[in-house]
Amino acid sequence: MKEKKVNTMSIIGLVSVLLTGVLGVMKLPAEYIAYKEAGVPLLIGIIVLISNFTSKPLVKTILLNDSIFDMNKLHHALDENGQRNTFYKKVSQVSYLLVLTFVFSSFLNYALAKYFLVSEPGSEAFMNELGQMNGWSFPVIALPSMIMMGGILWMLFSNIKKLTGLGMEELMVKK
């Protein structure tokens, strides 16, 4: 609010939390929570996918920007080696792999909700199951997703090194 900017991911997170509360209070079937749990990462994946067809793909906006990389130095090195097009094809591949990570997370979220949420919505047992589901979400969903995203970043950074001949520390913005 202070910077007068809308952060889409924060809004999605807030809506997700509110939906969980509303679905629980209204005592709607657990299936609705399973759909909501799957829908959030799927929505993020769709946003990343759609952004690939715009002038500002999210992967480029978030990772390849002037606050992280000396983009002039990066582009100069890519152009010297005749690799700029190859590099941006690799960035596009990275973006699609990121979409797949969110689809994978969506599937795991749905499966976890279906596994844990078996009691009557709104009951104490249901609330305990909701807590268990959230507790298990780190080892079952977040950890594999982080490993996959780490692999994706490694792929991006190793391609930068391979195509430019420069190490990451040479391309990072010095603060």
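The values are calculated or read from the model by the stated rules, or taken from the named source; none is laboratory data. Every value quoted in this text rests on a predicted model; they were computed, and no experiment measured them. FYI the Cβ positions are ideal-geometry reconstructions off the backbone, even for glycines, and counts take in every protein chain you see. Note: areas computed on protein heavy atoms with side chains; ligands, DNA, RNA excluded. Shrake-Rupley method; radii C 1.70, N 1.55, O 1.52, S 1.80 Å.
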field: the chain: calculated mean residue ellipticity at 222 nm from DSSP helix runs of at least 4, using -39500 (n - 2.57)
entry: -24500 deg cm²/dmol
- line: Under a 1.4 Å probe, counting only protein heavy atoms, SER123 has an accessible area in Å², nearest 10, of 40 Å²
message: Please list, in order along segment 99-104, the HN-Hα scalar couplings obtained from phi with the Karplus expression 6.51 cos²θ - 1.76 cosθ + 1.60 (θ = phi - 60°), rounded to whole Hz, x for Gly and Pro.
response: 4, 4, 4, 5, 5, 4
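Roll a 1.4 Å probe over the protein chains and send me the accessible area per residue for segment 6-67 in Å². Mind dumping the intermediate values first?
Values: 3730 Å² over 62 residues.
Per residue, segment 6-67 has 60 Å² of solvent-accessible surface.
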- prompt: Any idea what the dipole of the chain comes to, in debye rounded to 20, about its Cα centre with Lys/Arg Cβ at +1 and Asp/Glu Cβ at -1?
  reply: 580 debye
message: Considering only protein heavy atoms and a probe of 1.4 Å, how much of the accessible area of the chain is carbon and sulfur, as a whole percent?
response: 67 percent
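Can you give the FRET efficiency to the nearest 0.05 for GLU31 and VAL140, using r as the Cβ-Cβ distance and R₀ = 25 Å? Could you put the intermediate results ahead of the total?
Working: r = 19 Å, r/R0 = 0.77.
Computed FRET efficiency for GLU31 and VAL140: 0.85.
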- request: Please report, in whole Å, how far the alpha carbons of segment 11-133 spread along each principal axis, starting with the longest.
  value: 65, 23, 22
query: Can you list the lysines whose alpha carbon is less than 24 Å from that of LYS89, not counting same-chain residues fewer than 8 positions off?
result: LYS56, LYS60, LYS73, LYS161, LYS162
statement: Sequence order, segment 149-162: Karplus ³J(HN,Hα) from phi using 6.51 cos²θ - 1.76 cosθ + 1.60, θ = phi - 60°, Hz rounded, Gly and Pro as x, gives 5, x, x, 5, 4, 4, 4, 4, 5, 5, 5, 4, 5, 5
field: Within segment 14-40: backbone nitrogen closer than 20 Å to the MET127 label point (7 Å, Cα to C-beta)
entry: 17-34
query: Once the dipole of segment 2-135 is set up with Lys and Arg at +1 and Asp and Glu at -1 on Cβ about the Cα centre, which of SER92, LEU42, LEU112 lies farthest towards its positive end?
result: SER92
task: Calculate how steeply helix 71-80 sits against the longest principal axis of the alpha-carbon atoms of the chain, using the helix alpha-carbon long axis, and give the answer as 0 to 90 degrees to the nearest 10.
output: 60 degrees
Amide H within-cut-off set for PHE69, under 5 Å, with H built and near neighbours excluded: VAL173
- prompt: Farthest toward the dipole's positive end in the chain, which of ILE33, VAL22, SER51, given Cβ charges of +1 (Lys, Arg) and -1 (Asp, Glu) about the Cα centre?
  reply: SER51
